[in-house]
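The values are calculated or read from the model by the stated rules, or taken from the named source; none is laboratory data. Note that the structure is predicted; figures quoted are calculated from it, not measured. Using ideal geometry, Cβ is built from the backbone for each residue, glycine included, and neighbour counts are taken over all protein chains shown.
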Amino acid sequence: MAGSFWADVSIEPKRQYRWLAYIGGIQPFVLKKISKPKVVIGETEHKFLNHSFWYPGRAVWDTVQMVMADPADPDMASTMMGFLLAAGYKSPVNQSEAVSTISKSRGDLGSVRIVQLGANASNTLSSDVIEEWTLVNAWIKDIAWGELSYDSEDMVDITVTLRYDYATITPNPILAHSATSGLRAPGPSQRPNHGSTTSP
């Protein structure tokens, strides 16, 4: 029921630490952090005297960044290099190797999914999926193999940036119905009246 969030103990909010990600065969347990998709809508400005009027443009999906630990087993440093080589990169040790280029088809990671779990997740994790994002045509844009320091005892992290064409969301059917049941575009009678546009 709308408005009952604080009063109903059976309602559990989405939490940042309840998630799994499935990315190109990478073991989910090595992942430490991942950003959710972000879309940026372009804009065009029209100026009239001392006023500006704005119009929406193209929708562009921003990159997704993830941070993973680099344990000895599995060796994620070698794994990420393997992704780079599989995408078509070769070290320029000779002319035949130097002409090899990276392609989208070879670098495609398949179905990249970010799954958010509810409070009742069990061994059958799909039983309490409350939100799932899919990155379509995702490929690796950046790989940073971390830092080393004598002053730190932290685990070595690898940071990876993913580029993709667009993202889709699959919400929990019950939650989706509750969230959208009262949403609809305003009709003409509900829109604000900005007055007439008669000439002076």
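Observations
- Whichever residue in the stretch 144-167 is among the aliphatic types (A, V, I, L, M) and touching a residue at least 40 places away in the same chain (Cβ under 8 Å) and, among such residues, is surrounded by the fewest Cβ atoms within 10 Å (Cβ to Cβ): Met155
- Any hit, the stretch 35-46, residues being among the charged types (D, E, K, R) and without any contact (Cβ under 8 Å) to a residue 12 or more places away in the chain: yes
- Just one of the numbered conditions (1) over 24 Å from Tyr166 (Cβ atoms); (2) surrounded by 15 or more Cβ atoms within 10 Å (Cβ to Cβ); (3) at pLDDT 95 or above is not true of Arg18: (3).
- Among the numbered conditions (1) assigned to a loop (DSSP other than H, G, I, E, B); (2) without any contact (Cβ under 8 Å) to a residue 60 or more places away in the chain; (3) closer than 30 Å to Ile11 by Cβ, the only one that Glu132 does not meet is (1).
- Once the stretch 21-50 is narrowed to residues that are of a type in the set (A, V, I, L, M) and more than 18 Å from Tyr164 (Cα to Cα), the residue that is surrounded by the most Cβ atoms within 10 Å (Cβ to Cβ) is Leu31.
- Tally, over the stretch 153-168, of residues that are in a strand (DSSP E or B) and farther than 16 Å from Ile34 by Cα: 2
- Qualifying residue in the stretch 51-65 (condition: free of Cβ contacts under 8 Å to residues at least 40 places away in the same chain, loosely packed, with under 12 Cβ neighbours inside 10 Å, under 28 Å from Val156 (Cβ atoms) and not charged (D, E, K, R)): no
- Within the set Ser122, Ser126, the sole residue that is at pLDDT below 95, more than 18 Å from Val30 (Cα to Cα) and outside any loop (DSSP other than H, G, I, E, B) turns out to be Ser126.
- Residue within the stretch 69-91 that is touching a strand residue (DSSP E or B) at 6+ places or on another chain (Cβ under 9 Å) and exposed (fewer than 13 other Cβ atoms within 10 Å of the Cβ) present: no
- Residue list for the stretch 129-138, filter: closer than 10 Å to Tyr164 by Cα, aliphatic (A, V, I, L, M) and either at pLDDT below 90 or surrounded by fewer than 18 Cβ atoms within 10 Å (Cβ to Cβ) (or both): Val136
- Selection within the stretch 90-106 - under 33 Å from the mean Cα position of the chain (by Cα), assigned to a loop (DSSP other than H, G, I, E, B) and among the polar types (S, T, N, Q): Ser91, Ser100, Thr101, Ser103
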